[in-house]
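Read the structure below first, then the notes.
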Amino acid sequence: MSTTGIAGLTLGGGIARLMGKHGMAIDNLLSAEVVLGSGEVVTASEDAEPDLFWALRGGGGNFGVVTSFEYRAHPLASVLAVVVLHPLEAAPQPFSFYRESPPTYRTSFLPRPPSCTRPTDRERSCAESRSATRATTPTEPRPTSAPCASSAHLPPTWCSAWPYPARNTGADWLFHEGALSYWKSAFFSELSDQAVEVMTDAFERAPSELCALGVEDFHGAVTRVAPTATAYPHREPGYNLLLISQWTDPAQTDTGIAWARETIDALSPYMADRSYMNYLPADDQDRVRHAYGRNHERLVELKRRYDPDNLFRLNHNIDPKA
């Protein structure tokens with residue numbers, strides 16, 4: 001990928017903002033119906049099977065098959081989404097803005113929309129057209145300059161309020177049907193200039209235009225839950241990296257995997273010793289302890305109680321024999 005790639009900054013949109021206000025999905029789970037390996041059907045909640053309920057909230061598919069959920073819902077009509085595109089060489093600027101701004105933003109490097117050729121006004125129209133076509137309701141987003149033009153340094157390319165279900169489809173275009181992919185993930189100890197430089201260099205060398213590097217901020221309600229309150233332990237404020245290597249030609253498989261591994265290795269000096277389970281690839285089994293952190297020992301004990309034969313093992317496995 002050439003240096004004419006684009007660093008995209010998405011402000012105030014979707015999941016990152018709502019996690020800060022309402023917490024994670026597991027923080028809003030009230031109960032779950034679970035089929036255990038023994039065939040027994042149980043309901044897990046704070047009042048019934050509380051240990052299993054604790055394990056389900058972050059423990060992956062290690063304890064049974066969940067056949068229904070009960071969630072706490074929050075009224076939400078729409079979310080504000082802003083897309084700002086920058087030439088790749090300008091990446092330090094939006095990341096600096098990101099660090100210094102209130103924690104309501106989400107930043108990503110994104111592949112350049114294929115019809116765009118260079119960082120000009122044409123690029124803006126490409127971003128607007130790609131984003132607008134993803135709305136799933138009759139109310140399509142429209143470009144506007146207010147109220148998003150609050151920073152002279154980061155004028156918005158596109159800004160609109162979206163219905164929340166439509167906003168959740170905003171990145172669907174990135175994941176092509178039939179594409180092959182390999183992910184890596186870790187938390188940054190800090191989003192330093194050096195880490196941004198490594199990501200920028202890596203993005204220049206990406207083997208495919210389908211590759212992406214995303215950074216999500218963990219803040220607000222997510223961080224106000226005790227690390228041991230649920231099986232998911234990572235409640236510190238910080239930044240999570242999602243590294244997506246993606247390609248369509250099977251002959252590129254070795255190259256695509258190597259790029260992801262080399263990039264995560266280059267970023268390792270800036271990474272904290274923890275991982276987000278949802279983003280780990282299948283061959284990162286050795287990072288399961290990092291992903292569960294201080295909760296791993298309790299999860300092993302509960303695995304021995306609810307699935308001693310390790311029937312549910314085709315996952316990032318909690319080994320009952322550990």
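Please state, to two decimals, what the Cα-based radius of gyration of the stretch 244-290 comes to when divided by 2.2 N^0.38 Å (N = residues).
1.27
Could you tell me the calculated FRET efficiency between R304 and D265, based on Cβ-Cβ distance and R0 = 41 angstrom, to the nearest 0.05?
0.75
Only Lys, Arg, Asp and Glu count, each charged at its Cβ (+1, +1, -1, -1), so figure out the dipole size of the stretch 177-259 about its Cα centre, rounded to 20 debye.
The calculated dipole for the stretch 177-259 is roughly 420 debye.
What translational diffusion coefficient, in µm²/s and rounded to a whole number, does the Stokes-Einstein relation yield for the stretch 195-322 at 37 °C and a viscosity of 0.692 mPa s, taking the hydrodynamic radius as the Kirkwood radius over Cα pairs?
Answer from the Stokes-Einstein relation: 198 µm²/s.
Do any trypsin sites (Lys or Arg not before Pro) in the stretch 163-250 lie in a loop, going by DSSP, with at most 13 other beta-carbon atoms within 10 Å of their beta carbon, and if so which?
Passing sites in the stretch 163-250 are R205.
I'd like the distance separating the alpha-carbon centroids of the stretch 219-238 and the stretch 193-207, in whole Å.
For the stretch 219-238 versus the stretch 193-207, the Cα centre distance is 29 Å.
Which percent of Cα pairs goes in each bin when the distances of the stretch 265-322 are cut into 10 angstrom slices starting at zero?
Final binned percentages: 22, 49, 22, 7, 0.
How far apart, in nm, are two points set 7 Å out from the Cα along the Cα-to-Cβ line at N28 and at D319?
3.7 nm
A short reminder: the numbers here are calculations on the coordinates, not readings from a lab. Just so we're clear, the structure is a prediction, and the values are computed from it rather than from any experiment. As a convention, Cβ positions derive from the backbone with ideal geometry for all residues, glycine included, and neighbour counts pool all protein chains shown.
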